[in-house]
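A.B. asks: Supplied in structure tokens, the structure appears directly below.
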Amino acid sequence: MNTTPRRLTALAFVALVASLPREAGAQERPSLTQQSQAWVAFNYQGPLAGRLGVVGDVQYRVWDDFTPQQVLVRQALVWWFTPRLFAGVGYAWTPFWRGPGLEGFVDEHRIYQVIQYQYNHAPSGFVLQLRTRVEQRLRHPDAGVEVGLRARQMVRALLPVTADRKLSVIAWDEVFVHLANSGGEPSGVDATGAATRTAQWAYTGFDQNRAFLGMGYQFIPGVLRLELGYLNQFVRRPNNPAGDLMSHIALLQVFTAWR
């Protein structure tokens, strides 16, 4: 029996567990703030004409009191080089609130580039996805438009656990890295005449890590799938008096496709 898919799944699971921040690491920081959220996402993809297609998602994220945390509307035009490989460019609108109760609204727009490769092991149904995105993030504080640059890399594994391959175990991890500092720009003077600056919201280097473990059910092969599980999000926040951030998230995703 070919054990490659099981070995790949085991390695993906080990990487997932190893990526979760340890409490010992948090001792070097002033503190670690923890919070709970729930995310719901609708994902879609399919061809438009020939090799040209569309890939997108709509997400709604809430705090533990069910007030909005973020809305995400994202879509890209992609070119399918092979049935397993595509690349493209897209736009995302991602307004969010810094705290529960509609506190601290921030309007953000993104232009991004994406490339994704998928490996399918037909005998076992094992699927391994590699996805890379580079984002140009545009925010609009009082001083004008501020631009952030960020790269993100996802590794995702899916392994069916039933004979009909409808029920699967899913694990993925995504690392985010800021490519430049953002914010901290001159914004005028205060009442005393002292210079003021906008808040810095991106620091070059590691930004965050998201690690997911859950189950998926394929309602219609290749057309409709539902996934549910736990997402751990760790966010690096230099100079934040509340320390870094860890979110515990219940994530529900719906995937649909057409041919």
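What follows draws every value from the coordinates through simple rules; no lab data is involved. These numbers were taken from a predicted model, which means no experiment stands behind them. Note that we place each Cβ from the backbone using ideal geometry, even for glycine, and neighbour counts take in every protein chain shown.
A.B. asks: Return the total of residues in segment 238-259 being touching a residue at least 60 places away in the same chain (Cβ under 8 Å), surrounded by 13 or more Cβ atoms within 10 Å (Cβ to Cβ) and not in a strand (DSSP E or B).
C.D. replies: 1
A.B. asks: What are the residue pairs meeting all of these: first residue in segment 106-135, first residue touching a residue at least 24 places away in the same chain (Cβ under 8 Å) and on the phi < 0 side of the Ramachandran plot, second residue of a type in the set (Ser, Thr, Tyr) and surrounded by fewer than 14 Cβ atoms within 10 Å (Cβ to Cβ), Cβ atoms under 6 Å, and 6 or more apart or on different chains?
C.D. replies: Filtered contacts from segment 106-135: 128/119.
A.B. asks: Can you give me the number of residues within segment 169-197 that are of a type in the set (D, E, K, R) and more than 16 Å from residue 235 (Cβ to Cβ)?
C.D. replies: Going through segment 169-197 one residue at a time, the tally reaches 3.
A.B. asks: Let me ask something else. Here are some conditions: (1) more than 18 Å from the chain's Cα centre (by Cα); (2) in contact (Cβ under 8 Å) with a residue 12 or more places away in the chain. Residue 230 meets all but one. Which one does it not meet?
C.D. replies: Evaluating residue 230 over (1) more than 18 Å from the chain's Cα centre (by Cα); (2) in contact (Cβ under 8 Å) with a residue 12 or more places away in the chain leaves (1) as the failure.
A.B. asks: Do you know which residues across segment 67-91 are out of contact with any strand residue (DSSP E or B) (no Cβ under 8 Å at 6 or more places or on another chain) and in a strand (DSSP E or B)?
C.D. replies: Selection gives 82 alone.
A.B. asks: Which of the residues spanning segment 27-53 are surrounded by fewer than 16 Cβ atoms within 10 Å (Cβ to Cβ), under 18 Å from residue 223 (Cα atoms) and either over 18 Å from the mean Cα position of the chain (by Cα) or free of Cβ contacts under 8 Å to residues at least 24 places away in the same chain (or both)?
C.D. replies: 46, 47, 48
A.B. asks: Here is a further query. Looking only at strands (runs of 3 or more DSSP E) that lie completely in segment 131-237, which have at least 3 residues being among the charged types (D, E, K, R) and closer than 20 Å to residue 59 by Cβ?
C.D. replies: So the answer is 146-160.
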